[in-house]
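Participant: Would you mind keeping the following structure in view while I ask a few things?
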Amino acid sequence: MALGDPMRRLARWGVAVGVVFLGLVLLVASIVWMTIPVNAPWRSMLQQMSLLPSWLDPSPMSSDRVEAQLVVADGYGVSLFAAGVADARGLRVTAAGDMLVSAPRDGRILLLDADRDGDGSFDGRRVLLEDLTRPNGLDVSDGYLYVGEEDGVGRIAFDPWSGTTDGEYPRIIDGLPRGGCSRAAAGQGAPLTSP
């Protein structure tokens with residue numbers, strides 16, 4: 001037996017152990033991934049930072065899926081109002097009946113125009129704000145749209161009847177700790193007052 005043979009066997013053994021270990025790690029990670037709720041904050045944060053492949057995103061919602069998945073009490077109904085709005089979290093209906101939607105992963109606030117033509121779907125979609133830090137909470141008060149971001153709260157002049165914003169978007173609260181504890185800072189019933 002040559003001196004190189006035990007070394008080769010040891011190298012093969014090391015590779016085999018490494019492959020088995022990697023397989024076990026991937027198996028455990030997959031099981032954890034499937035058991036953690038879809039809306040777990042760390043998963044969404046990783047998706048927003050593009051650290052997860054898009055094929056891990058949940059499949060888009062469809063009218064058939066809504067009807068098949070949701071159970072509604074007699075006398076009530078549920079239907080899909082807006083398809084293609086990724087990662088919708090905060091929702092706020094304006095005085096005009098339009099829907100404000102926060103999309104944390106995209107860092108945007110959208111406005112879905114109310115269904116004024118009666119076809120069961122929104123009549124238009126506009127981006128009101130973008131490049132935000134994981135926006136979630138929304139509130140409209142005294143002519144302003146307040147947005148609770150992951151690390152602060154900002155506001156911008158907002159006309160609910162035209163669905164438009166005006167002016168700059170300054171932060172009125174900044175430096176909140178990251179990690180999910182402050183994303184609902186706006187829109188939770190606590191009054192925000194102007195200086």
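The values are calculated or read from the model by the stated rules, or taken from the named source; none is laboratory data. Everything quoted here is computed from the prediction, not taken from an experiment. Backbone-built Cβ (ideal geometry, glycine too); neighbour counts: all protein chains shown.
Participant: If you check ASP131 against the conditions, is it assigned to a loop (DSSP other than H, G, I, E, B) and buried (at least 18 other Cβ atoms within 10 Å of the Cβ)?
Facilitator: Details: assigned to a loop (DSSP other than H, G, I, E, B): yes; buried (at least 18 other Cβ atoms within 10 Å of the Cβ): no.
Here the answer is no, as ASP131 does not meet what is asked.
Participant: Scan region 134-155 residue by residue and report those that are charged (D, E, K, R) and surrounded by 15 or more Cβ atoms within 10 Å (Cβ to Cβ).
Facilitator: ARG134, ASP139, GLU149, GLU150, ASP151, ARG155, listed by residue number.
Participant: Taking the conditions exactly as written (at pLDDT below 85, charged (D, E, K, R) and outside the structural domain of SER30 (by TED's automatic domain parsing)), does ARG116 satisfy them or not?
Facilitator: No.
Participant: Looking at the structure I just gave you, is GLY75 assigned to a loop (DSSP other than H, G, I, E, B), at pLDDT 75 or above and not hydrophobic (A, V, I, L, M, F, W, C)?
Facilitator: yes
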